[in-house]
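One structure below.
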Amino acid sequence: MSERSTPTILVAGTASHVGKSTVVTGLCRRFANADVRVAPFKAQNMSNEARAVVRPTADTDMKSVTADENDSTAVNSSEQEETNTITAGVLNSELNPTYGEIGVSQSVQAQAAGVQSVTDHNPVLLKPRGDAESQLIIDGVAVGHYTAESFYAEHWEQARSAAVTAHTRLAADHDVIIAEGAGSIAEINFHDHDLANIETARFTDARIIIVADIERGGVFASIIGTLELLPDDVRNQVIGIVITKFRGDKSLLAPGIQTIEDRTGIPVLSVIPYDDPGLPAEDSVSLPAVGERSVRGADDDAPAEQTVTVAVPRLPRASNTADLDPLAAVPGVRVAFVPLDVSLSRADIDAVVITGTKNTVDDLRALRASGFDDELREFEGPIVGLCGGYQLLGERLTAIHVEETDSNEKTEIEPAPSNDSNDDDSGHQTLSGLGILPVETQFSPTKRVAPVTWTLDGFGPLADATGMVTGYEIHAGQTTACGPVQTPFESLTTERIESTDNTADLSQGMTNHHSRDPVALGAATDSVIGTYLHGLFDNEAVCEAFVESVFSAANTDRPDIDTTSRSDPYERAAHLVSSISFESILGHPLTELK
């Protein structure tokens, strides 16, 4: 029997938010459970929900070292594995960082597949930052900021080449690849440059599954319309249809399914019931519109008198909001995304968490224009700022021209104070921050991307948390103290890692061979803490300490609800797609993959 090439299954959709990510995650876990070497793949993603992962293209012989960040004016050779620099909108090719960024869904899918997350799983990432432009990430590394027009004119071929190369590497090491499309595969104005759908289908010779969401209505029309609008060659690669988010009696769908199959000749492989397996959301579709409110975590049956509300200002350019998912999973905790003009005192708010942002400067202006800065200064409960949220809490932002978009009016730009040693002679444009923490952030084209392991000496809202914490950094800007402040976080050196009892586990997140200025990691007062650590609340001790501080500050008893029976979200996703047979999507028995 001749050797079979690695098959690719492309899970495409009739629209955005139809359940493609869940289907891919479930299939990855099912194949992994069957001892098949499976990898996720999304050629191009657009999301501000990102993770720091390994870059297979990096020089693995280079040691991952961080320089002393007290000198923020230079990036020397020891930092290059963890930072990348945008120079005149073009990647500095001298840098070959060890780590890069991918969309959160591909990181989650890799975990479901039981493989290490790498940038090949999502070789092209676009991160919207306002003013109709996005930061372009190729092979995990920031290339520049571009409008859609300039991206397709100047960088699409580079992006396509990176996607093809990444897929080739994955195919060499795996038995099957489960690819995810983006949005709708039937965007006819876009077919010539549709990297995640049409191009992926073609360069991988994928077997395509079309996913359609019945909850939004018109599912049969969307299926027929999608198939009718596909290019003939791609239409011939479609092997099945999956209907998602169904509620009710499936037998009522039988006439519609029969008509679809008769008209198209394509089988409906599965009707998936409505369920949320608990996977992180990957884009802003899951967030309320700017100016609206939504709540996560309100389905735990906790009595109203035993709940607390953590307010999250809905920043226009919010990023990495999945950092809040562990909080929303705690019984009695309500994570409320609130409009920027909210009255914290009148809205019965017990704590505030400010998430990351793709554009700190522009979101600071939005907060100030809405009066949220005054509300926050008057607020007496626990406050946490994550990444861009940490920067917002500071006294000032400098060199803001690096961060802001061109469309912003510059009338709010303030001259640097005469006692500001960083800005006296530089001419850097400066903007006052929220003034909650005595720190300041200077922006530069250098972007730090790395998984990290730090120590935490609990203070303020995290007073009861001590020990080691893990997560990742993805940010531009260097934060320093401009007044006395507590520094609860400390980076680990190689020597300290080697002296611990669990060296093997910790070394996976170890990126620092030299201690860093603790303020560059985070800072705190009695009721406020800011940090660059994404994944902060994924650390169980940290999450528990913060939740305890919120309930204590609110003088509220915690509900007694057992959460030990909650199932693994990857297994729940696998169960959702369990009716899709391996043979139907592969075109041959599963045993032929092994």
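The values are calculated or read from the model by the stated rules, or taken from the named source; none is laboratory data. Quantities reported herein were computed from a predicted structural model and do not represent experimental measurements. Positions of Cβ are generated from backbone atoms using ideal geometry, with glycine treated the same way; all protein chains shown enter the neighbour counts. Areas reflect the complete protein model, heavy atoms only, side chains present, ligands, DNA and RNA absent. Shrake-Rupley method; radii C 1.70, N 1.55, O 1.52, S 1.80 Å.
Tabulated values for the structure
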quantity: Members of region 553-570 that are surrounded by 15 or more Cβ atoms within 10 Å (Cβ to Cβ) and of a type outside the set (Val, Ile, Thr); calculated: 553, 554, 558, 559, 569, 570
quantity: Any hit, region 266-285, residues being open to solvent by 50 Å² or more (accessible area, probe 1.4 Å), assigned to a loop (DSSP other than H, G, I, E, B), over 30 Å from residue 126 (Cα atoms) and acidic (Asp, Glu); calculated: no
quantity: Only listed residue being touching a residue at least 40 places away in the same chain (Cβ under 8 Å) and open to solvent by 10 Å² or more (accessible area, probe 1.4 Å), chosen from 164, 143, 115, 124; calculated: 115
quantity: Of all residues making up region 339-355, the number that are crowded, with 24+ Cβ neighbours inside 10 Å and at pLDDT below 95; calculated: 0
quantity: Elements of type helices (runs of 4 or more DSSP H) contained in region 130-234, each with 1 or more residues being more than 27 Å from residue 582 (Cβ to Cβ); calculated: 148-154, 156-173, 219-229
quantity: Qualifying position, being of a type outside the set (Gly, Ala, Ser) and closer than 26 Å to residue 49 by Cα, among 317, 235, 247; calculated: 317
quantity: Residues within region 341-356 that are within 22 Å of the chain's Cα centre (by Cα) and farther than 17 Å from residue 324 by Cβ, tallied; calculated: 0
quantity: Where residue 84 falls short, out of the listed (1) modelled with pLDDT of 95 or more; (2) open to solvent by less than 30 Å² (accessible area, probe 1.4 Å); (3) of a type outside the set (Ser, Thr, Tyr); calculated: (1)
quantity: Pick from region 294-338, criterion among the basic types (Lys, Arg) and either more than 20 Å from residue 551 (Cβ to Cβ) or touching a Cys at 6+ places or on another chain (Cβ under 9 Å) (or both), ranking: least open to solvent (accessible area, probe 1.4 Å); calculated: 314
